[in-house]
Amino acid sequence: MKYMLRTVMAAAVLGTMSLGAQAAEDRANVFYYSLNDTFVNALSADMRDSAEAAGLKLSEYDATDDLAKQLTQVQTALAQNKNPLIVNPVDALNGEAVLRNARRAKVPVIFFNRKPLDKVLSSYQDAWYVGTSADMAGEYQAQILIDYLSSHPQADKNGNGQIEYVLIKGEATHQDTQQRTSSFIRTMMNSGIAGEPLYTGNADWSYSKAVNMMRELLFTHKLSEIEAIICNNDAMALGVLNELQAHGYNNGSGNFIPLIGIDALPMAVEAVSRNQMIGTVFNDRRSIAEICVKIAKAYCEGTEITEDLVNLPINNRQIEVPYVKYTITK
Ligand code: GAL
């Protein structure tokens, strides 16, 4: 399928330009749910680098986790130009509102990282989604833990044949929270290693919320009872690590709780290499950014969006970037 937006745009621009004027440059509008989110912030740097390399100019907007603000930002941009939208929606329902506005304006929209509902995405032929196979991340976390347990049987501190763990989750409505959590639990169960959640809670991807959650948890549980801590992302794992270290754990002294995150943020990678965490899972933000840029650029140029272009399978205009396990005991 060819996308002829460039031709339409060029005709519209030529109508108002004097002969000999330069053609318009390729541009896209990018909307982030919150640049306070550590992973999304790092992804925004990759988005800028990828766009620069591809010759795509970006106008960037930060919704600061505010639904109404994001919709206003999208509507304002659509009133100003017809550039493709690259959108990290504040939530799935907001994604639907953004899509309706884009469709009305006949402007393509590329969602990433936070997924609108499938039926919403499929309702507009110029709506795309670039995300990850979140199931894979939870499965990798379970594999990291299972490998660790097989070489460290003493990790079952009370020797009761099961692993009592704490699970700290992201935002409750986020697809990554739900899929990462359920695939972790499923993989643990299928491995035959009995796991028993001592505590689970949502710290919404946030370092400081994870610190507070650990502090509260310690009113009712002792660190010596906890046999593993699994976090839906690295920012929360780093918050947990901070709290563990404040209590003399995971700092090389001998007291240790296996801790696993997701994202492979530089600080988590460093913690893994220092044996303060047993692993993380690389959430390939560079590829997510590059693919969003390639799709937006193809719309600007009126060229075809193919699997060769994005280097991954495309299913109903959805692309899943694979994760990579990151552990010292690989
Ligand atoms: C996830 C990421 C989290 C958080 C979230 C925001 O993919 O692992 O750290 O950034 O996206 O939507």
Is there any pair linking a residue in the range 286-307 that is hydroxyl-bearing (Ser, Thr, Tyr) to one that is surrounded by 20 or more Cβ atoms within 10 Å (Cβ to Cβ) and not in a helix (DSSP H, G or I), with Cβ under 7 Å and at least six apart or on different chains, and which? Ser287/Val321; Tyr299/Tyr3; Tyr299/Pro84; Tyr299/Pro108
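Which of the residues belonging to the range 25-58 are part of a strand (DSSP E or B) and either modelled with pLDDT under 95 or within 21 Å of Gly131 (Cα to Cα) (or both)?
Within the range 25-58, Ala28, Asn29, Val30, Phe31, Tyr32, Leu58 meet the criteria.
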Is there any pair with a first residue in the range 109-134 that is in contact (Cβ under 8 Å) with a residue 12 or more places away in the chain and over 24 Å from Asp46 (Cα atoms) and a second that is among the polar types (S, T, N, Q) and away from the ligand (no atom under 16 Å from the Cβ) whose Cβ atoms are under 8 Å apart and which are 6 or more apart or on different chains, and what are they? Asp118/Asn316; Leu121/Asn316; Ser122/Asn316
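Does Asn190 satisfy the condition of being within 15 Å of Tyr140 (Cβ to Cβ) and without any contact (Cβ under 8 Å) to a residue 24 or more places away in the chain? If you could, list the steps in order and put the result at the bottom.
Details: within 15 Å of Tyr140 (Cβ to Cβ): yes; without any contact (Cβ under 8 Å) to a residue 24 or more places away in the chain: yes.
So Asn190 fits the description; yes.
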So, Asp284, is that one closer than 30 Å to Ile229 by Cα and either acidic (Asp, Glu) or assigned by TED's automatic domain parsing to the domain that holds Val30 (or both) or not? yes
Sole exception among (1) in contact (Cβ under 8 Å) with a residue 60 or more places away in the chain; (2) under 24 Å from Asp91 (Cβ atoms) for Ile144, by number: (2)
Can we say Ala172 is surrounded by fewer than 18 Cβ atoms within 10 Å (Cβ to Cβ) and modelled with pLDDT of 95 or more? yes
Log entry, pairs with first residue in the range 228-246 being in the same structural domain as Ala210 (by TED's automatic domain parsing) and part of a strand (DSSP E or B), second being charged (D, E, K, R) and within 14 Å of the ligand (Cβ to nearest atom), beta carbons closer than 6 Å, six or more apart or on different chains, reads none
Being of a type outside the set (Phe, Trp, Tyr), in a helix (DSSP H, G or I) and within 13 Å of the ligand (Cβ to nearest atom) is the requirement here; does Ala79 meet it? no
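Go through Thr200, Thr220 for me and flag whichever is exposed (fewer than 15 other Cβ atoms within 10 Å of the Cβ) and without any contact (Cβ under 8 Å) to a residue 24 or more places away in the chain. Outline the logic, then answer.
Values: Thr200 fails: without any contact (Cβ under 8 Å) to a residue 24 or more places away in the chain.
Going through Thr200, Thr220 in turn, the sole match is Thr220.
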Do the conditions hold for Leu244, that is, is it at pLDDT 95 or above and either surrounded by 22 or more Cβ atoms within 10 Å (Cβ to Cβ) or under 27 Å from the mean Cα position of the chain (by Cα) (or both)? yes
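The values are calculated or read from the model by the stated rules, or taken from the named source; none is laboratory data. What you are looking at is a predicted structure, and each value in this text was computed from that prediction instead of being measured. Cβ coordinates were reconstructed from backbone atoms using ideal geometry, including for glycine residues, and neighbour counts include every protein chain displayed.
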